[in-house]
Each structure stands twice: as C-alpha cells, then as structure tokens.
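The values are calculated or read from the model by the stated rules, or taken from the named source; none is laboratory data. Quick caveat, the model's predicted, so the values are computed rather than measured. Note: ideal-geometry Cβ built from the backbone for every residue, glycine included; neighbour counts use all protein chains shown. Side chains included, ligands, DNA and RNA excluded: accessible areas come from the protein's heavy atoms. Shrake-Rupley method; radii C 1.70, N 1.55, O 1.52, S 1.80 Å.
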Amino acid sequence: MDARLRRVNKEIADCKNDKSSNIKIELVDASPFHLKGSFPGPQDTPYEGGHFEVDIVIPDSYPFQPVKMKFITKVYHPNISSASGAICLDILKDAWSPVLTLKSTLISLQSLLCSPEPNDPQDAEVAKHYTTSKRSFDETARYWTQIYAGGPAVKKMEVKEPQKDEIAIAGLEKAHVDQFEGLGFERSKVIDVLRRLNYRGANVANIAEDRIVEELLK
Amino acid sequence: MFLPDAMSSLVAPFENIPHVYDLCTQEGNGQEECAMMQEEEWEVLKSIYPDVCVSNDAGPSGRTIKLEIPVELSPAQNVTIVPPQLNTHHQQSASHQSHTHVACPTTTNPLTALPPFLLALILPPEYPLHTPPRITALASTHTWFPSSKIRDLHALLAGMWTSDSQGILYSWVEFLHSGDVLDSLNLSSSTRKNQSASTITIVNQSPSTLLPLLESHDARAQDATFAETSYPCAICLSPYKGRHCVRLACAHVFCRSCLSDFWGSCIAEGDIGRVGCPDPACVKAGHEAGEDDVVRVVQEEEVRRWKWLRTKRALERDPGMIHCPVMFCQTPVPSPKLSEEEDGSGWERLRTCPTCESSFCALCRRTWHGPISECPIRVTDTFVQEYLALSEGDVRRAEIERRWGRANVRRLVEKHEDERKNREWMEKSTMGCPGCGVHVQKSVGCNHMTCAKCKQHFCYRCGERLPPTEPYKHFNTPGLGCFSKLFDYAPGEDEMEWQEIEFGDI
C-alpha cells in the first residue's frame, strides 16, 4: 500500500472518529482519491444553517502537492467563484504544506466563509457587491444559502414564491428589474446586465440609465 | 566546612560492622531472607533503571554488583572546569564563591547529561537486614568527578544507609542519577531545581581535555534520548521512534522517509523554494532548509542537484546572466563587472564560461568574434530571410545553395523557422515576467500572476508590474485597460453556466 493511500485512509478514519468538528468526508465512488467533504455554514454569517459540499480530488503527489478542492454547493462569496465553485485560498496554492490535512483544509474553507477577503477575489462581481453594499450582499448570500445549501428561509422573501427568485439570486431589487423589463427587454437579460454592472445599493446612483440601455442593446 | 561531618559519617558505619557481624552470628540465619531481599531489590532496580545495572555475580563474600549511573541535569546546566591551583585558592577563600570563575576560561555549553559514575559494590550475605553494602570502587567516566571529592561522596553514600532500610541501592542510584549529589557536595553554584542559570563547578587537571569529552558525551546522550522517543510524523500521520526521524534546525520533527520524499520531489521539480520545514508556520515565514539539513535527509545525487539549482537561482537573479551556448555545457555565466571605460567598447559583450572556458559573445551567443566585428548571426539571419523571400525554383535560390551547400542552407532555414515559430508561440501564448523576463504560460486561474522565480506580481493580460500589497487594484479601477478583466472567460462561458443552472433547476 503506498504512502498516499495510507495517509488518505488515515485521514478519512480520523475524520469519522472526530465527532466534535462537524466536518464530514465521504467517498464519491470506489476511488479513495475522489472524495466529498461537507460542513455546516458558520454561525453568525449569512451561511448559517446551510450545508456546504466540497469536491475533493487528491493528486498523485499528495501530500506534497496541494489537494484540489472546489465547492459543489453554490456559494455567494467574494473568494469563491459563483459559477464554478473554484476557491481562492492561499493554502490551496503556494502556501500549501504537506502537514495540512483534508480536515484542516476543510476547516480553513469554513473559516473562509466567516471572513471574506474581497481584495483577493475569485469572483470579481461578488467582490464588488460585497464592497458596495455589505447589507445587500448579506441578503443575497443568505438567499443563496437558503436555496442552494438548504438554509433557513429568509424572512423578507418568505416562501410565497416556491420557485427560485432570479432577482434575489443576482442580489438585485425587483423594482429595478421591472423598470427595465417595462422598456421591453427580456427579463433574464435585464438581470444579467444589472448584475454585471453591479446595480446595487449606493452604486445605483453612479450608473446612468442610458449606460444600462446601451448594454441591453448590445 | 562540611568536611569534619562527612569524615565522621564515613567512619561510623564501618566501625559498626563488627558489631553487626556479631548480631548476625547471634541470630544465626537471616541470611536466607537477606538473599531473597537482595534478589528482589536487584529485579526492581533492573526494571526501573535497565541501563544502569551492568552485572550481578554471586561470590564467596557476597554478591558483586556493578552499576553504571549516568547523571541527568534538568534543566541543562553549564559546567565550569577549574584547574586545581585556582581551586586551592577557591577553597581557602571563605566566601566559596565565584571570583575564581572569572579567571577560569573553560565553561561548557549547557549540558543535559554528565558521564556515568561507575559503582562496584559487594552485598554481604547479611545485607540488607544487618550490614550495608561494601563499596569496592567508585569513580566517574573520564574522571570528571573531582578526585578530591570522592572521599566525601563515599561518606555521603554510607551515611544514607540505615539498618532498617529495605535496600539502599535504589536511593543511591537515584541520588547520583538525579544530580542531587552535585548539590550535596556544593558543586552546583545555586539550588539547581529553582534556578535555571546555575553552574556546576568541578576541579580537573586538564580542563581543555575534559571539556570536549563532556560535550561529546552530552551530544551522544541527547541523540540516544531522541532515538528512543516517539514522534508523530505530521506528514504520514504515523508515530515513529526518533531514530527514524529528523529534527530540523527549527526543532520540528518529521519521519525521515516522508521528509526525504517531500524534498526529493521538490528537488526533482526544481522547486527548491519549498525545500524547507513543512510546518505551516515555517512555510508562511518562507524558511528554506540549510545545507546541513538537506545533506542529512536526501540522497547524494539530490543534494548535488539541489546545490546546482541554488547556484542557478542565485545567478538567475542577475539579469545579465547567460547560459553557456556550448550544447553539453549550459553553465550559467554571470555578467562581468565592468570598469567605465570598458562600457560601450564592445568588450562588454565578452563572456567566458567558468566550466568549459569557451569565450563567446553575449549578443549572438557564438564564439567570441572580437569587440569590433558585428555579430555573425545577423548576417545569417538576413541571408536566410533573403533566401526565403525568393520563390521556390528561383535561379537565385539555386545560386545560394550552390554557394553555401544545399544541406547547410536547409539546416539554417530549419533552425530559422524553428526559432521563428518559438518566438511567435511565446508572443502569442505566454507573457514575460516584467521582473526577470522568464516567460509564463497560464493554464488556469485569474490574471494576477506571481512569478515563481523572482516573486514579481504582474498582470497576465498586459504584463504590467503590480504592487504586491494591492495587486487587484489594477483590475478593480474603472478606466484602466484591465478593469474587471481579472478573469478571461472564453466568450459566453460564464453566462452559459449561469443560465444553465438557472433554467435547469426551475
């Protein structure tokens, strides 16, 4: 049995035995080198109550090269790509050390949810939202937690819409979307443009309506 | 000051012996019981101090026991070795303290162990009920323990025996092993247990001989302790005995095989910046391993490559460095240090390889052609370009071929084409680091690059240097060319994924 397999088996067993950390690692298929990790969203954050799953691929030269991790659950966070789940975290790149384990890395991801680093973004749009209006960002992140990570319902949006609210997913105001939809543009296109231009919070005042129409006509 | 007391206690038990013998003969047999007790005491001692017990032989006058008792110092202490003439003065001075220390040049590093006492003794048949053991020899290895104090030590040991004791051997071993003996004989300058900065002072004929002996013994003792202690290796997550482990300069311990694999793979990949302690704190601090550690951990061949990579890295920090153009050599040749009048004279192009001693021109990388003649490569280049500009079957082409040899021309054209393609590819698919010029190809991730070689931060899109403190400003400031271009998605890629999920889930 090679050293990598021995270590991974040990790590999986260690995680199983540790009930206190709330970190779970499970097999995806027959290979011990493709795993799925999961942990609860940290308390007092918009991710609270959610259950976050992470895809783990263990490279051949593990533990000398970093483990490859990305979020399976969609997360609204400046350091996590909202599209692909890719993660921007130093220990997954040049600050990796063979002393780090799957568990300690997953714990680092959990604490990344507690302390976003918008100056080192993986998702520039989300980072912009975060820096423009923290409150609006939190609302969107909470909504994503609810619909993608099984988090508790967000009070403001209630459950009156059983299907997912595209506007809330994009972190936009319904009134703004309605305004441009009223001009005859397709709803999904309006959402897309407003999202890209970061038409949120105080930033709304900085973006001329002409500019939006221009983008919509492209 | 303690001598008279000690003398009396030395004499007392031995005076008692005939009396005890009388007792024994009166009682007739306690001997069987004594023999059992001796047997038991030896077994207990052996289980507590297995390394101390050397031999136990039955003889006509009783059991002969040999013990080898190392002295442990905890915490570590310095030992000052004083030559005898200084010490005479020292003993005579009533104050007993340290102005003589200043005159003494030899003090060891802090030691955790002193060489063992060698203690030989006979257990008379009546021991332990009626008679004390008889010490036949008491000395210290390397005779570090001052001979003038041996008598006092005899006395102290004898004084510890009482006729009702169950056995004295354990107390003696403990007394010597723990270093309490040094306090009792006032060899330690302060109460050892309370003060970490205390010093042991011993008298010896030849301090300069004894000092290295004490220090090497201590080193061996520490190695032995390390070898026997178990350490959990943080890489393979298994515990290993110290002899299978390496303690690095930063005091972190890893199993030898993991560390060797890790450093070996880093060296193989040329990533020598990671050859260091794998502890996250050390990694964050960017500590690299020193040569001592590397030599201990990896194979000779890898050490050689590691050294070569290190030299290479140092040379590559020099922007004027050029690799020797000789195919089998490729040694990095640093740029020469020039005096002012040499600059611009043409001589600044001369490089001489330190390995193969070939002299070449820094511009064209061909054999040195003197400071005045133009580089011949330009000539070849223009000639090949001329040749290629002519259409196939042109008479002038045939002329050139006749003149230079068809094969030669083909070879030059091939080389020219390769170089052109290389250059084109480099321009199209890579970005040069603005710090060191090395070309980087991005496989995945954002456009903020950090050069693996010179640590320069730069933008992969435009090649601009970025401030390491706020590299993302370049991408976040509206109006700049790379605004919101941190990621280059292939057109539509991002949107596609967005919509797919949106619609797929509803």
(request) Look through B:459, B:433, B:454 and report the one residue that is touching a residue at least 40 places away in the same chain (Cβ under 8 Å), closer than 21 Å to residue A:93 by Cα and either open to solvent by less than 80 Å² (accessible area, probe 1.4 Å) or within 13 Å of chain A (Cβ to nearest Cβ) (or both). (result) B:454
(request) Would you check which residues across region B:36-63 are in contact (Cβ under 8 Å) with a residue 24 or more places away in the chain and under 41 Å from the mean Cα position of the chain (by Cα) and list them? (result) B:44, B:45, B:48, B:49, B:52
(message) Criterion first (of a type outside the set (A, V, I, L, M, F, W, C), touching a strand residue (DSSP E or B) at 6+ places or on another chain (Cβ under 8 Å), assigned to a strand (DSSP E or B) and surrounded by 12 or more Cβ atoms within 10 Å (Cβ to Cβ)) does residue B:351 satisfy it?
(response) yes
(request) Provide a single number: the residues in region A:1-49 that are among the small types (Gly, Ala, Ser) and within 14 Å of another protein chain (Cβ to nearest Cβ). (result) 2
(message) Anything in region B:201-224 that is within 22 Å of the chain's Cα centre (by Cα) and either assigned by the TED database to the domain that holds residue B:182 or in contact (Cβ under 8 Å) with a residue 60 or more places away in the chain (or both)? List them, or say none.
(response) B:215, B:217, B:218, B:221, B:222
(message) I'd like the residue in region A:84-98 that is crowded, with 19+ Cβ neighbours inside 10 Å and free of Cβ contacts under 8 Å to residues at least 24 places away in the same chain and, out of all such residues, is nearest to the other protein chains (Cβ to nearest Cβ).
(response) A:97
(request) Test residue B:7 against the criterion of being assigned to a loop (DSSP other than H, G, I, E, B), closer than 23 Å to residue B:148 by Cα, modelled with pLDDT under 50 and of a type in the set (A, V, I, L, M, F, W, C), and give yes or no. (result) no
(request) Inspect all residues belonging to region A:105-121 and state whether any of them is crowded, with 22+ Cβ neighbours inside 10 Å, within 18 Å of the chain's Cα centre (by Cα), within 12 Å of chain B (Cβ to nearest Cβ) and modelled with pLDDT under 90. (result) yes
(message) Given the options A:17, A:22, name the one that is free of Cβ contacts under 8 Å to residues at least 12 places away in the same chain and open to solvent by 70 Å² or more (accessible area, probe 1.4 Å).
(response) A:17
(request) Tell me which residues, restricted to region B:229-248, are within 19 Å of residue B:296 (Cα to Cα), more than 12 Å from chain A (Cβ to nearest Cβ) and of a type outside the set (Val, Ile, Thr). (result) B:231, B:240, B:241, B:242, B:243, B:244, B:245, B:247, B:248
(request) Tell me, yes or no, whether region B:264-275 has at least one residue that is of a type outside the set (Gly, Ala, Ser) and touching a strand residue (DSSP E or B) at 6+ places or on another chain (Cβ under 8 Å). (result) no
(request) Have a look at B:421, B:415, B:428 and point out the one that is under 20 Å from residue B:459 (Cα atoms) and among the basic types (Lys, Arg). (result) B:428
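Conditions (1) out of contact with any Cys (no Cβ under 7 Å at 6 or more places or on another chain); (2) charged (D, E, K, R); (3) modelled with pLDDT under 90; (4) not in a loop (DSSP other than H, G, I, E, B), marked per residue:
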position	(1), (2), (3), (4)
A:14	yes, yes, yes, yes
A:21	yes, no, yes, no
A:25	no, no, no, yes
A:30	yes, no, yes, no
A:38	yes, no, no, yes
A:59	yes, no, no, no
A:69	yes, no, no, yes
(request) Within region A:50-75, work out how many residues are touching a strand residue (DSSP E or B) at 6+ places or on another chain (Cβ under 6 Å) and either on the phi > 0 side of the Ramachandran plot or within 11 Å of chain B (Cβ to nearest Cβ) (or both). (result) 1
(request) For region B:155-170, enumerate the residues that are under 43 Å from the mean Cα position of the chain (by Cα) and open to solvent by less than 50 Å² (accessible area, probe 1.4 Å). (result) B:157, B:169
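Table: residues versus (1) farther than 30 Å from residue B:317 by Cβ; (2) surrounded by 13 or more Cβ atoms within 10 Å (Cβ to Cβ).
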{"position": "B:383", "(1), (2)": "yes, yes"}
{"position": "B:388", "(1), (2)": "yes, yes"}
{"position": "B:391", "(1), (2)": "yes, no"}
{"position": "B:402", "(1), (2)": "yes, no"}
{"position": "B:407", "(1), (2)": "yes, no"}
{"position": "B:416", "(1), (2)": "yes, yes"}
{"position": "B:427", "(1), (2)": "no, no"}
{"position": "B:439", "(1), (2)": "no, no"}
(message) For region A:138-149, check the following and say yes or no: at least one residue is under 19 Å from residue A:25 (Cβ atoms) and at pLDDT below 90.
(response) yes
